[in-house]
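Structure first, then comments.
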């Protein structure tokens, strides 16, 4: 079961890393034209960058504490924070009528619940 938690955390960390890098380094104007990122048009560039930074921290927090043996309780704490982030993402995409993306967020939320429950 430990292997399943590692795989889940690794996959979710990869998702967080990708989202974090995208939001941190791609200009807002370009992001707003990408399918799935249309929501960025209604947010300030600073808010988008802050969200990107939080996702980068989540990517590290899902893997590094357990891998390094330093404060491993931070893994389920990070997963719990990711759950809150996914609820916000589902609301945002739902308001835009992007129900396929809501479904993707539900999958990410379920993986985070698995990690949070399994690692606590």
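The values are calculated or read from the model by the stated rules, or taken from the named source; none is laboratory data. Since the structure is predicted, the reported quantities are computational estimates derived from the model, not experimental observations. Note that we place each Cβ from the backbone using ideal geometry, even for glycine, and neighbour counts take in every protein chain shown.
The residues in the stretch 30-46 that are in contact with a helix residue (DSSP H, G or I) (Cβ under 9 Å, 6 or more places away or on another chain) and more than 24 Å from residue 103 (Cα to Cα) can be counted, and the count is 2. Kindly indicate whether residue 71 is over 16 Å from the mean Cα position of the chain (by Cα) and not in a helix (DSSP H, G or I). Yes.
Candidates are the residues of the stretch 1-60 that are in contact (Cβ under 8 Å) with a residue 40 or more places away in the chain and assigned to a loop (DSSP other than H, G, I, E, B); the one that is farthest from residue 84 (Cα to Cα) is 1. Of the residues examined, residue 83 is one that is closer than 28 Å to residue 6 by Cβ, under 11 Å from the mean Cα position of the chain (by Cα), at pLDDT 95 or above and not in a loop (DSSP other than H, G, I, E, B). Taken over the stretch 68-86, the criterion of being in contact with a helix residue (DSSP H, G or I) (Cβ under 9 Å, 6 or more places away or on another chain) and surrounded by fewer than 13 Cβ atoms within 10 Å (Cβ to Cβ) is satisfied by 70, 71, 73. Scanning the stretch 87-105 for residues that are surrounded by 14 or more Cβ atoms within 10 Å (Cβ to Cβ) and either in a helix (DSSP H, G or I) or in contact with a strand residue (DSSP E or B) (Cβ under 7 Å, 6 or more places away or on another chain) (or both) yields a count of 8.
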